[in-house]
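Since the structure comes first, as structure tokens, the remarks are kept for the end.
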Amino acid sequence: MRGNAEHRTLNAERRRVGNSRLPSAFGVRRSTFDVLTQFIFAISFVFALTGCRRDMFSQPSEKPLERSAFFRDNQMASRPLPAHTVARGQLNDDEAFYTGKIGTHLITQFPMPVTREMLRRGQQRFDIYCAPCHGRTGEGNGMIPQRGYPAPPSYHTDRLRTAPVGHFFDVITHGYGVMYPYASRVEPADRWAIAAYIRALQLSRDAKITDVPNDDRAQLEVAK
Ligand code: HEC
């Protein structure tokens with residue numbers, strides 16, 4: 001029944017408007033007027049959008065180092081920096097702490113006291129940033145070289161045991177050979193903490209009984 005009713009309405013509509021406005025095989029055929037209205041809508045929408053953007057984009061302000069006649073002395077939009085200005089957070093005045101060197105010489109002593117907290121921090125940072133390649137014990141057999149990356153050297157060699165601590169700081173800061181730098185991810189204090197932990201790892205394989213304080217030696221013997 002419903003089908004018939006629909007059929008009748010369709011026929012009535014066909015008589016009223018003619019075939020051109022009825023559903024065609026490819027969807028609804030639109031009159032020229034409809035198309036024109038939509039076109040005008042689209043155009044005004046685009047104009048509205050670009051109109052807003054222009055105002056926000058081209059502001060009358062100038063960029064800091066842009067050429068400008070505003071100040072007579074330097075012909076720039078900004079003032080020159082007063083001599084010896086240091087940006088906040090960039091006062092790297094402790095050469096040993098920030099470079100691991102004095103002049104061109106790598107330092108052999110830590111530039112701060114090594115504490116238990118520092119070692120803990122170093123262990124945590126080492127396990128995050130270095131162990132994937134160097135392995136938890138520093139043997140150079142981490143998961144990444146096991147999957148094909150060039151294997152790093154073991155820390156337990158005479159060369160690296162006797163290397164100055166500044167060397168470890170320097171390698172973290174600038175990278176070494178195929179190892180990329182970590183300066184952007186590991187801040188200076190953490191680099192020293194990692195260096196201290198590497199020293200602890202090295203000592204764990206190369207300690208003599210005389211390195212253990214007298215009072216603790218008995219404990220080791222009991223453990224044996
Ligand atoms: C993506 C792997 C990878 C990571 C992560 C990595 N290293 Fe290395 N590291 C290497 C490789 C490979 C070498 C050997 C580079 C060469 O000789 O070309 C190396 C070498 C070294 C050396 C020895 C330099 C020398 O004198 O031979 C030290 C020290 C070192 N890395 C410390 C670190 C520390 C500390 C970290 C963490 C902050 C770290 N590495 C993170 C791959 C890595």
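Using Cβ contacts closer than 10 Å as the measure, can you line up Lys208, Lys101, Lys63 from fewest to most? Display every interim value, and only then the final one.
Values: Lys208 7, Lys101 16, Lys63 10.
By the 10 Å Cβ count, ascending: Lys208, Lys63, Lys101.
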Next on the checklist: Order 31-38, 78-85 from most to least packed using the mean count of other Cβ atoms within 10 Å.
Outcome noted: 31-38, 78-85
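All of the numbers you see were taken from the coordinates with simple rules; none came from a lab. These figures come from a predicted structure and were not determined experimentally. Note that each Cβ is placed from the backbone with ideal geometry, even for glycine, and that neighbours are counted across all protein chains shown.
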